[in-house]
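Take a look at the structure below.
The values are calculated or read from the model by the stated rules, or taken from the named source; none is laboratory data. Bear in mind the structure is a predicted one, so any value in this text is a computation, not a measurement. For neighbour counting, all protein chains shown are included, and Cβ atoms are generated from backbone atoms with ideal geometry for every residue, glycine included.
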Amino acid sequence: MTTRSLFLLPGDGIGPEAMDEVRKLIGHMNEALGSGFEVSEGLVGGSAYDAHGKSISDTDMEKALACDAVLFGAVGGPKWDSVPYDVRPEAGLLRLRKELELFANLRPAICYPALSASSSLKQELIEGLDILIVRELTGGVYFGEPKEIIDLGNGQKRAIDTQVYDTFEIERISGVAFELARTRQNRVTSMEKRNVMKSGVLWNEVVTAIHKAKYSDVTLDHMLADAGGMQLVRQPKQFDVIVTDNLFGDMLSDVAAMLTGSLGMLPSASLGAPDAKTGKRKALYEPVHGSAPDISGQGLANPIAMIASFAMCLRYSFEMVEEADRVESAIAKVLDDGLRTRDIMSDGMREVNTSTMGDAILSAFQG
Ligand code: IPM
Ligand code: MG
């Protein structure tokens, strides 16, 4: 029997509650379909800090490096606001991204038909929306050195972050974007700030060159990232795949996520390069939403983004495309049936808690 190793890092806040709903699906798939998932679990973020003073332990890092896929919940919360910067909850996530070399972050923004009324934009603007943001995840200002605050000695301090990109980093992320565009509407929009930043100039050059050399069948547009943000709220359906750097991707993907009605709906996949021998990519799957400490522990969390992240895991790490489709259809069906967690509640719908939503998706999956 195939074994598929999954390493769960539920993290903080609503992370564990959302992960519990994925566990139900995994359990069912093992029992009823013989999917052979081997599940182990670790600590990340504030919960790891509480247990051993680090935002992820070396042992858990090793497990993350060894497994087929990591499922990640969320990290952070006010409880850890004053812990040292190096061991703050987010550092655990950044260490995972960096050491697993998860350079490609795929953030789909899909509008479920049942939710098209809950967007802050007019319904006709977002009905049928299906954008994929491909965000560079291991470079740019997140990791560039120097990164420090220095004391200038005259009562002033200076803070420095460094935006840095090498050719190969831009080449590999745009390659992922072009490949994915070919499976969709065949259009890529690259976003940077070449009018202000040298990294934007190089980004633009490299994307243009790789397009010409290898992907000229794909339609490519360039947009300044600020204009891109504006276009995302003006006419979001003009986009198919957006490729952009780490920081712009962070911001633009939050914008795109909110177009769909709730941050609680969207999954993401962070992928490494295919292994030269096995062809397998290291991968981590996580919801776009954060730990939402204000609602944690009350059964109010929307588990859909976490469950949809598991669907992405089935699709990208295990080639279980049919099962991934079924999970996504199960989510759509439950929404069509009128079930809503509080974040997406609207008139005439039935408000349910986290666990009832998870159960309903499982039963829709079972058919
Ligand atoms: C995200 C988050 C992270 C980021 C934080 C938690 C470090 O906002 O995944 O978008 O900035 O990348
Ligand atoms: Mg973010």
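Points to keep in mind about this one:
- Pick from region 72-106, criterion among the aliphatic types (A, V, I, L, M) and closer than 18 Å to Gly290 by Cα, ranking: farthest from ligand 1 (Cβ to nearest atom): Val87
- Of Val233, Val206, Val241, Val218, all but one fail to be surrounded by 14 or more Cβ atoms within 10 Å (Cβ to Cβ) and under 17 Å from the mean Cα position of the chain (by Cα); the exception is Val241.
- Scanning region 267-296 for residues that are among the β-branched types (Val, Ile, Thr) and at pLDDT 95 or above gives a single hit, Ile295.
- Looking only at region 112-153, residues that are touching a strand residue (DSSP E or B) at 6+ places or on another chain (Cβ under 9 Å) and free of Cβ contacts under 8 Å to residues at least 12 places away in the same chain come to 4 in all.
- Just so you know, in region 286-305 the residues that are away from ligand 1 (no atom under 16 Å from the Cβ) and in a loop (DSSP other than H, G, I, E, B) include one that is farthest from Val334 (Cα to Cα), and it is Gly297.
- Helices (runs of 4 or more DSSP H) wholly inside region 169-267 containing at least 1 residues that are closer than 30 Å to Ser120 by Cα and either more than 16 Å from ligand 1 (Cβ to nearest atom) or not hydroxyl-bearing (Ser, Thr, Tyr) (or both): 225-234, 246-259
- Just one of the listed residues (Ala276, Ala283) is hydrophobic (A, V, I, L, M, F, W, C) and crowded, with 18+ Cβ neighbours inside 10 Å, namely Ala283.
- Residue pairs meeting the criteria (Cβ under 9 Å; at least 6 apart or on separate chains; first of a type in the set (Lys, Arg), in region 74-99; second surrounded by 15 or more Cβ atoms within 10 Å (Cβ to Cβ) and part of a helix (DSSP H, G or I)): Lys79/Gly46; Lys79/Pro293; Arg88/Gly46; Arg88/Tyr49; Arg88/Trp80; Arg95/Met61; Arg97/Tyr142; Lys98/Tyr142
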